[in-house]
């Protein structure tokens, strides 16, 4: 009997490991999905700011959203993200200023400046999109963040498409691997609570 339980325990561990590996693979594979459809707006998921300027991660997200706007893929940009500890401006305010410095018209940028996490970014941006009669959206974030973000957007009822940054600040496996492991952890967490 003890041998049977031991085999059963190892089987469960093996299944868990395989599931983690499959999830990591699916996140990495989805990172390459870039749906360049014309939508009403881009939703840029928040990231840190440094001395009232976008961090390298946020800069790349904004650059991609601005490229989508300049090339006619989106008509508006919804910037998201609240205020971090020690900051005097929210991530969204910094993003809006950056967009306007790069030629985006002020009336084409909508601000969501209260959220702290991805799910809040999307929930609050969805509220704005409904208020502004925006029906289709393109989600912009780092490639490894896209699977979880799109799953959340779809669960909220958004008509959403994936367009990850093409020049992510996470370029080497040394920076990508911790991001991937973090995303696997958060993806599991979201699945459990969803």
Which listed residue is at pLDDT below 95 and within 22 Å of residue 191 (Cβ to Cβ), from 168, 115, 141: 115
Return only the number of the condition from (1) under 14 Å from the mean Cα position of the chain (by Cα); (2) modelled with pLDDT of 95 or more that residue 47 does not satisfy. (2)
Can you tell me which condition residue 52 does not meet? The list is (1) in contact with a helix residue (DSSP H, G or I) (Cβ under 8 Å, 6 or more places away or on another chain); (2) closer than 22 Å to residue 117 by Cα; (3) modelled with pLDDT under 95; (4) surrounded by 14 or more Cβ atoms within 10 Å (Cβ to Cβ), and all the others hold. (4)
Among the residues of the stretch 165-188 satisfying the criterion of being part of a loop (DSSP other than H, G, I, E, B) and without any contact (Cβ under 8 Å) to a residue 12 or more places away in the chain, which is surrounded by the most Cβ atoms within 10 Å (Cβ to Cβ)? 171
Sole residue being in a helix (DSSP H, G or I) and free of Cβ contacts under 8 Å to residues at least 24 places away in the same chain, chosen from 191, 123: 191
Count of the stretch 144-164 residues which are touching a residue at least 24 places away in the same chain (Cβ under 8 Å), under 17 Å from residue 37 (Cα atoms) and in a helix (DSSP H, G or I): 3
Closer than 17 Å to residue 142 by Cα and either within 19 Å of the chain's Cα centre (by Cα) or assigned to a strand (DSSP E or B) (or both): is that true of residue 92 in this structure? yes
Residue 65 being out of contact with any strand residue (DSSP E or B) (no Cβ under 7 Å at 6 or more places or on another chain), in contact (Cβ under 8 Å) with a residue 24 or more places away in the chain and within 26 Å of residue 138 (Cβ to Cβ): no
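The values are calculated or read from the model by the stated rules, or taken from the named source; none is laboratory data. Worth saying up front: this structure is predicted, and the values here are computed from it rather than measured. Positions of Cβ are backbone-derived with ideal geometry, glycine not excepted, and every protein chain shown enters the neighbour counts.
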